[in-house]
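One structure is given below, encoded as structure tokens.
None of the figures in this text is laboratory data; all of them are computed from the coordinates on show. Note that this is a predicted model, so its numbers are computed, not measured. So basically every Cβ, Gly included, is an ideal-geometry build from the backbone, and we count neighbours across all protein chains shown.
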Amino acid sequence: MKIAIAQINPIIGNFKHNVEKIVSMVQKARQRSCDLVVFSEMVISGYPPLDLLENRQFIEDGWHALLSLLSAVDGIGAVVGVATRNPNDLGKPLHNSAFLIENGRILHQTSKTLLPTYDVFDESRYFEPASAVQCTDYKGKRIGLTICEDAWNDKDVFKNRLYRIDPLEKLTAEGADLIVNISASVYDMHKPAFRKRLLQSLAQKYRTPFIYANQVGGNDSLIFDGSSMGFDAAGGLCAQALDFEEDMVVVDTERPSVDDSQIHPVSPSTIASVLKALIAGTRDYVRKCGFDRVVIGLSGGIDSAVVLAIAAMALGKERVKSVFMPSRFTSKDNYEDTRLLADHFGVHYEIIPIDAIYEAFVRALPGETHIDAPGITEQNIQARVRGSILMAIANAENCLVLSTGNKSELAVGYCTLYGDMNGGLAVISDVPKTMVYEIARWINREETLIPQRILTKAPSAELRPDQTDQDDLPPYEILDGILRAYVEEGKSAEEIAALGFDTDTVTDVLGRIDRNEYKRYQAAPGLKVTSKAFGFGRRFPLAKRWAPA
């Protein structure tokens, strides 16, 4: 069987747009003489629609969109996904469903069996699992049709399994000689490599060709990398789609040798992958939210430089405005570096000094103040003046503010509410500071676009004379190591100290992470690139009387 794997970038709830993309890919697959074209999980509505699933009209619109596809899919079969109503009185009201359609007919319908309810996933909130799984026969193949998590419960891969049943085991026992998995697998920097090993092992274990179609693009904080794949019965990779771009690849299950033209290139390294993810996430968030321009406050530091680079690559230089807002504490180097940075990327650049506003603000406060030797209050005022200027520009010019704080700062509260945290999207809020430097070096790999001095100077907020970040924080190499162990790996203070970190430093950092949850509740949505990002995938109470030991 000749099978096209089609990965598209759907817009959640834009059924007309999504159906048009599906039909276009169907036509392309038919032109390539394919028997079947496979799309991603819930491709008709886009994933994840969250509580839109609780809206009756949304579900009806999805069903009518599916019906509209029936007449468009002729001379070829197609596998598509959409939410459907649970016909039974018992259980959750919906199913996460997949359909095999052809020539105006629904040939087969199945529903997702394993419903993830962890991290960013909350499918048990909406969906009832399938009560049974069964194969379907199509053009001489016995197909086991599965949906995303259904393939993530193999006892030989996952030692601590979340589910009692394994749909793949059941389908292959029923005689499946082709496995199809439609997916919306959320990206994190380690997942593509693990996912590839998982799917390869499943093809080898069951000695069955494996077709995997993944969603691509960004939806809110989540990024989907695509990287759809096809494996032969020996676990050999016979097709791979691009990462972070719409694409189509073709698998011929009867072809004895691999067609190298169907192995499309993906990111060559983790850092390259993270950068592509951030570019895709930024582009889709801005455009899907209805904006076409962004504004960024430049400081002369590494974070705002990397955010500007990502924005320019995502949207084009003409859609990016940069603003430098110096004070009496701003170094001459930062005047030069911000100008050079903006020139290298060709973006609009302007200077708006904040000293007069800062002074007027401070002098209006009651009690003793310190304009030239600022304490925390005066430092925060500077950040809030800058944040207000950026928001005013956004209001006046109908553009989106991109905030520039990184994960390390957000973790320990080294950021100002209603100041540098202002924005509609926090582009690098899931990128630790040390990785921000790695991304900058990758951007500069062929040409020095980010001025070298930005990479070598000591990081500083420049809110008081001679200030550096390490006046208030541990070195970022240490901070990021503790942060990764605590937030992403779930280790205790004792376990982290056993890794070689100073016990007092561990206690201090974990305390800061815990105390600053209230700031993160008020932060702009940020793009997820690690296994555990701050946001709705990490839920902690604000009012509590417990702290990590």
Residues with amide H under 5 Å from that of ALA524, placed H, sequence gap 5 or more: none
Write down the percent of antiparallel bridges among all DSSP beta bridges whose residues are both part of segment 2-260, to the nearest 5. 70 percent
Anisotropy class of segment 498-549 from Cα gyration tensor, a/c 1.5 cut: oblate
How much mean residue ellipticity at 222 nm does the chain get from its helices, if each DSSP H run of length 4 or more adds -39500 (n - 2.57) and you divide by all residues, to the nearest 500 deg cm²/dmol? -10500 deg cm²/dmol
In what sequence, highest mean first, do 62-73, 348-359, 223-234 appear when ranked by Cβ atoms within 10 angstrom? 223-234, 62-73, 348-359
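Are there any chymotrypsin sites (Phe, Trp or Tyr not before Pro) in segment 70-152 that are in a DSSP loop and have at most 11 other Cβ atoms within 10 Å? List them by number. Spell out each step's value before the answer.
Numbers: sites: PHE99, TYR118, PHE121, TYR126, PHE127, TYR138, TRP152; in loops: TYR118, PHE121, TYR126, TRP152.
Listed in order of number, the matching sites are TYR118.
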Could you pull out every residue, at least 5 positions away or on a different chain, whose amide H is within less than 5 Å of the one on ASP243? Hs are placed 1.01 Å off N in the peptide plane, and Pro or chain starts have none. SER227, SER267
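Would you mind calculating the gained length between ALA392 and ASP259 on full extension (0.36 nm times residue separation, minus the Cα-Cα distance), in nm to one decimal?
Going from the current span to full extension adds 42.4 nm.
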Any chance you could list P(r) for the chain, counting all Cα-Cα pairs in 20 angstrom bins from zero, rounded to whole %? 21, 49, 26, 4, 0
Long-range amide H partners of ILE11 with built H, under 5 Å: ASN18
Nearest-5 percent of antiparallel DSSP beta bridges in the chain? 55 percent
Inter-part distance where segment 236-309 and segment 312-344 are each reduced to a Cα centre, Å: 25 Å
When a/c reaches 1.5 or more, the comparison of a/b and b/c decides; with that in mind, is segment 2-260 rounded, prolate or oblate per its Cα gyration tensor? rounded
With a point put 7 Å past each Cα toward its Cβ, work out how far GLU477 is from ARG441 in nm, to one decimal. 1.1 nm
Quick shape check on segment 274-468: root eigenvalues a ≥ b ≥ c of the Cα gyration tensor, a/c under 1.5 is rounded, otherwise prolate if a/b tops b/c, else oblate, and it reads prolate
